[in-house]
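Just so it is clear, none of the values below were taken in a lab; they were calculated from the coordinates. Bear in mind that the values here come from a model prediction, so they are computed numbers and not experimental data. Methodologically, a virtual Cβ is constructed for each residue, glycine included, from the backbone with ideal geometry; neighbour enumeration extends over all protein chains shown.
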Amino acid sequence: MVEYEMTGNRPRSMPEREHAWPIYDIFDAAGGNRIFIGVVTEGHWQSFCKEFGLQEFLDDPSLHTTTDRIMARSRIIPRVAEVIKGWDVKDLSDKLDRLNICFSPINRPEDLLKDPHVLRPGGLVNNITADGKTFRVPALPIEWNGANIGEGLKVAALGADTIAVRAELETAEITSTAKAAGRRA
């Protein structure tokens, strides 16, 4: 989010990787939207197949174990993709949430600047670039005594403390020089 907010560059989305579950993928949904779905337990598999009309998978003896299903991803994923592409992301999200199946609509980092979780009180804080321009960043998800840290962690502008630091160093140098001179006497 910060990269997009400051530069306008769109970072790359989640990369492809090896799979340890039968369904742990990003799918195209209706309206050009995308959604991540993770079917990671036996219960997920049973309810996902029943709720999305994939009884053929439950009836298939070659898909009895999770390992069997992982090995059959090449035929499972295209069929699941076919089903998912007809669903609206909001309706699909609601259904997956009811089934307690892992999911997440896929957003671009810049979309998160409009996300209700990010826009909650204290979710975004303002910061200032070295040239004085304001930009928004996600707040640290930390509370202290029940309060969000919020905007209390501002970094001073480059050089803002130079005079004070220099004066402190000069005082320390004078003090240490005086002490050293006193030891020689």
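At a threshold of 8 angstrom on Cα-Cα distance, excluding pairs fewer than six apart, so keeping six or more, what relative contact order does the range 2-110 reach in percent?
It rounds to 38 percent for the range 2-110.
Students often forget the sequence filter, so: which aspartates and glutamates lie under 14 Å Cα-Cα from Lys95 once same-chain residues fewer than 8 apart are removed?
Hits, sequence-local ones excluded: Glu51.
What order do you get for 78-86, 128-136 when each peptide is scored by the mean count of other beta carbon atoms within 10 Å, highest first?
In descending order of packing, they fall as 78-86, 128-136.
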